[in-house]
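In what follows, a single structure is set out as structure tokens and then discussed.
What follows draws every value from the coordinates through simple rules; no lab data is involved. Quantities reported herein were computed from a predicted structural model and do not represent experimental measurements. Methodologically, a virtual Cβ is constructed for each residue, glycine included, from the backbone with ideal geometry; neighbour enumeration extends over all protein chains shown.
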Amino acid sequence: MVRFLLPLGLVAMAGAAAAQPALSAERPASEAAARNAAITRALPPDQAAMKAHVMFLASDEMRGREAGSEEYDIAAQYVAAQFYAAGLRPAGDDGGYLQHVPLVSYKAKGEGGFTLSLGGKKVALKYGRDYLPMGDPAADETRASGQIVFVGQGIVAPQHDRNDYAGVDVAGKIVAIVTGAPDSFGGEERAHFGSTTNKIVEAGKHGAAGVVLMMPPGESVAGMQRLADHARMTWVDADGNGHRPAADTPLLGVIGGEATEMLAKAAGVDGKDMAAGMRDGTFRPTVFPATLNAEVETDRRRVESSNVAGILPGSDPALKDQVVILSAHLDHVGVGKADAAGDTIYNGAEDNAVGIASLIEEAKRFKASGKPPRRSILFLAVTAEEKGLVGSEYFAFHPTVPKENLVADVNLDMPIITYPFEDVIAFGAKRSTLGPIVEQAAADAGVTFSPDPMPEMGLFVRSDHYRFVQQGIPSVFLWPGEKGPGKKAVETFFAEHYHKPSDQIGKSGIDWAQGVRFIDVNYQIARAIADADHRPAWNKGDFFGTLYGGYGAK
């Protein structure tokens, strides 16, 4: 699972994004013996089948399945072979199971140059204190110049009577924004509006020539250094350039320190009042009498990866062209900072080898049932989720089946199966007719259905299904629930294993019997959606459905 979406999908990988050391030495013999005993313990066939997938995908030899690595490519071939064995037809490129996903890894090269023109003077800003450049996936050299206009959090939300662009014209200018969204917004909407990517898209709609993140007056940008230095990733467009959220509006970098102090003074604004207003959201849009000139150089490196797609054709002549997607991400975060035991391999067993194993075994359930679904089902394993939902976004923009045929997505990301779950959660279920379908299917499978227990986390926009939501497709994200022992188990996993080397068989406490139960529930849900008389629809007036022109929302 990708962490909370930071600027342009930056992923804080709990140390895995640090300088990549060589692999650690072999683990001590006693540890290896204990781990092998945990791995090879005999299980019933259905549990063993699930565990076998995770044994391979989360083995040390797969080195954390980082997108673009040779090990990820091996994992993709493994999933393709399993899709074939499950009886799925190829749904990738050129009659195969793999969809090529061209990627670019990018970060700022050197210091670039930011200057302010104000009061007839040009002032060079100081790197690391007053500004930090952000790499541009679309160009090796990026230059932008324009008057600076501060638009607060950069939000336009009529349903909340909020328009941060009211009264200002930003066409051809540099928009300055702060991160975040009001607490008064619902958790999912707050996460959506708080996304820096979505703020850039909004600035692009208003014709901005570029975007900078702004720190309060006097506050150094040094705290953003790690994010500025971190290599990000996106997919490559038909012209061979990295995809920008807004084609003509690049994210240029961060400004702060003396730069924002000078801007406040030029606008006749008290710096302390401006800083307080920026922090509590009360500082209103301001056109500064100053021009920002930004020059950014970017190191860009092409990376090749792939999604894996297999389809089970529908049987109903009237419904078979409609396609239900079952998705899960195949990548993890690779090799990184050593833990206390010297382990540098981020195996990603729960995150998300378990999700991929569930996907494979669900496909087998359909085959074994002897009853094909009425609608077609596309089983999709995506790359680069940990880089900011990149592989799913590429598929959403370049589907291997007609886009108009895609009617739903059910996403499996890091199901925590370390406890006997009593309920299931479907993030986003209340937004579409998928909700009642999932609720009934869960009941038929013998578990209860619970609402989102942590709406403040905005999980609905934090995994691959969100990229289908942005194409107007009703989607949900499934998880075992938090009733009974669930809450403590979830908290323990996040505290001790999430994006850490200990997310591996023998350490994170995976209960394979619960894995089979989770597969059973997912199968019931997928079957119910695929066999329903009516295609899934957004609830009338739903925010996401309306925003992205989804079926049923209007």
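So for the range 294-427: antiparallel DSSP bridges make up what percent, rounded to the nearest 5?
Looking only at bridges with both residues in the range 294-427, the antiparallel portion is about 30 percent.
Only bridges whose two residues both fall in the chain count here: according to DSSP, what percent of them are antiparallel, nearest 5? Display every interim value, and only then the final one.
On the way: 52 of 85 bridges.
Of those bridges, close to 60 percent are antiparallel.
Magnitude of the Cβ-charge dipole of the range 106-301, K/R +1 and D/E -1, about the Cα centre, nearest 20 debye?
Computed charge dipole of the range 106-301: roughly 280 debye.
In the range 41-76, what trypsin sites (Lys or Arg not before Pro) fall in a loop by DSSP, with at most 16 other Cβ atoms inside 10 Å?
Qualifying residues, ordered by number: Arg41.
Ranked from highest to lowest mean number of other Cβ atoms within 10 Å per residue, what is the order of the peptides 401-413, 249-261?
Going from most to least packed, we get 249-261, 401-413.
Specify whether the C-alpha gyration tensor of the range 45-90 places it in the rounded, prolate or oblate class, a ≥ b ≥ c being the square roots of the eigenvalues: rounded for a/c under 1.5, otherwise prolate if a/b is larger than b/c and oblate if not.
Oblate is the answer for the range 45-90, as a/c is 1.5 or above yet b/c matches or exceeds a/b.
What would the Debye equation give as log₁₀ I(q)/I(0) for the chain at q = 0.08, 0.11 Å⁻¹, counting only Cα atoms as equal point scatterers?
Reported log10 I(q)/I(0), two decimals: -0.54, -0.99.
According to a simple spin-label model (label point 7 Å from Cα along Cα-to-Cβ), what is the distance in nm between Phe494 and Ala52?
Result: 3.5 nm between the two label points.
Which of Arg302, Arg162, Arg527 has the fewest other C-beta atoms within 10 Å, and how do the rest follow up to the most? Please report the intermediate quantities before stating the final value.
On the way: Arg302 12, Arg162 17, Arg527 21.
The fewest-first ordering by Cβ neighbours comes to Arg302, Arg162, Arg527.
What residue among Gly271, Val521, Ile416 has its Cα farthest toward the positive end of the dipole of the chain, where the charges are +1 on Lys, Arg and -1 on Asp, Glu, each on the Cβ?
It is Gly271.
Count the DSSP beta bridges whose two residues both fall in the range 369-500, then state the antiparallel fraction as a percent rounded to the nearest 5.
Restricted to the range 369-500, the bridges split so that about 35 percent are antiparallel.
Taking R0 as 25 Å, what's the FRET efficiency between Asn163 and Asp273 from their Cβ-Cβ distance, rounded to 0.05?
Once the sixth-power term is evaluated, E becomes 0.65.
Please list log₁₀ I(q)/I(0) at q = 0.10, 0.22, 0.23 Å⁻¹ for the range 455-554, using the Debye equation with identical point scatterers on the alpha-carbon positions.
Values returned for q = 0.10, 0.22, 0.23 Å⁻¹ are -0.41, -1.22, -1.26.
To the nearest 500 deg cm²/dmol, what mean residue ellipticity at 222 nm is calculated for the chain from DSSP H runs of n ≥ 4 alone, each contributing -39,500 (n - 2.57), summed and divided by the residues?
-8500 deg cm²/dmol
Using the Cβ atoms and a cut-off under 11 Å, what net charge is assigned to the surroundings of Val438, where Lys and Arg are +1 and Asp and Glu are -1?
Result for the neighbourhood of Val438: -1.
If each of Lys320 and Gln440 carries a label point 7 Å out from its Cα toward its Cβ, how far apart are those two points in nm?
For Lys320 paired with Gln440, the spin-label model returns 2.5 nm.
Would you mind checking the pairs Lys122/Lys272; Lys51/Lys487; Lys51/Lys488; Lys107/Lys487; Lys109/Lys337 and listing those with alpha carbons more than 27 angstrom apart?
Over 27 Å apart, Cα to Cα: Lys107/Lys487.
Counting other Cβ atoms within 10 Å, which chymotrypsin sites (Phe, Trp or Tyr not before Pro) in the range 296-398 have at most 13 and lie in a DSSP loop?
Counting only loop positions with at most 13 other Cβ atoms within 10 Å, none of the chymotrypsin sites (Phe, Trp or Tyr not before Pro) in the range 296-398 qualifies.
For the range 422-490, which semi-axes, largest first and in whole Å, follow from the square roots of 5 times the eigenvalues of its Cα gyration tensor?
Values: eigenvalues 85, 48, 13 Å².
Ellipsoid semi-axes (Å, largest first): 21, 16, 8.
For the range 106-301, just the Cα atoms, rotate onto the principal axes and tell me the three extents in Å, largest first.
42, 42, 29
Simple spin-label model, 7 Å along Cα-to-Cβ: Ala266 to Asp299 in nm?
About 3.2 nm, to one decimal.
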